[in-house]
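Below is one structure; the comments refer to it alone.
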Amino acid sequence: MDVTKYPDSIEKIKSLYDKIKSCNLSEIDTQVLLIEPVLVLCGWDIFDPNSLKRANRSAKNHQFDIEIYNDEKMFIAIECKSLSSKEFNIGKIKSRNGIGKLIEKPRKWKNKDKDGTGQLRAYCSNYSQYDDSTLAVLTNGFDWVIFDHDKFTREENLLKPIDSDCIAAHNNLNDSCFETQIIAKLKKPN
């Protein structure tokens, strides 16, 4: 991708979304075309391998799709889904209809439920780099959900579906408060 053509405003990302929303994009395409441009707006250098790490798709171990580090500490953990993914159902997330529940150790999600929230929660509870200061994010590039790390990954809650307290912020690209709710929370600290 020509870096000079990378979307440099939320309006340009929305315009790109309008052009590609009916395409059957892969998870990787969604990540590159919609998710990473939002991270650029948040001040992250997506071309610096010390601050942004992408999942190794050939690895057998599970890892976050995007890990963002600030001073060698994981700051944001992102699970990306394609725009058409059944694993990211914003209606289910908002209604908290039985999603995010894990099964016994090692903490796994019920993959048959197509539950990206459970997948993210399992990664958070099993991954040693994730701690209580890391932001857990689930997104398809249009809808963004930031979870409250304490309530989302508290040990006594992991075997229960998420509830409304687990969600710290939810907005989509068209929401007027997207910049103050999502971009502000994901912004790179000075």
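The values are calculated or read from the model by the stated rules, or taken from the named source; none is laboratory data. All figures in this text were calculated on a predicted structure; none of them were measured in a lab. Cβ sites come from the backbone with ideal geometry, for glycine too, and all protein chains shown count toward neighbours. Just the protein is used for accessible areas: all its heavy atoms, side chains included, with ligands, DNA and RNA removed. Shrake-Rupley method; radii C 1.70, N 1.55, O 1.52, S 1.80 Å.
Summary of computed values
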item: Single unsatisfied condition, LEU159 versus (1) closer than 18 Å to ASN70 by Cα; (2) surrounded by fewer than 17 Cβ atoms within 10 Å (Cβ to Cβ); (3) hydrophobic (A, V, I, L, M, F, W, C); (4) touching a residue at least 40 places away in the same chain (Cβ under 8 Å); result: (1)
item: Selection count, the range 116-134, where residues are open to solvent by 30 Å² or more (accessible area, probe 1.4 Å), in contact (Cβ under 8 Å) with a residue 24 or more places away in the chain and not charged (D, E, K, R); result: 5
item: Looking only at the range 52-75, and only at residues there that are in contact (Cβ under 8 Å) with a residue 24 or more places away in the chain, surrounded by 15 or more Cβ atoms within 10 Å (Cβ to Cβ) and outside any strand (DSSP E or B), the one that is farthest from the chain's Cα centre (by Cα); result: GLN63
item: First in the range 163-190 and over 19 Å from ILE35 (Cβ atoms), second anywhere and small (Gly, Ala, Ser), Cβ under 8 Å, 6 or more apart; result: CYS166/GLY100
item: Residue tally, condition open to solvent by 80 Å² or more (accessible area, probe 1.4 Å), modelled with pLDDT under 80 and of a type outside the set (Lys, Arg), over the range 3-22; result: 2
item: Residue within the range 168-182 that is open to solvent by 40 Å² or more (accessible area, probe 1.4 Å), of a type outside the set (A, V, I, L, M, F, W, C) and over 22 Å from GLY91 (Cβ atoms) present; result: yes
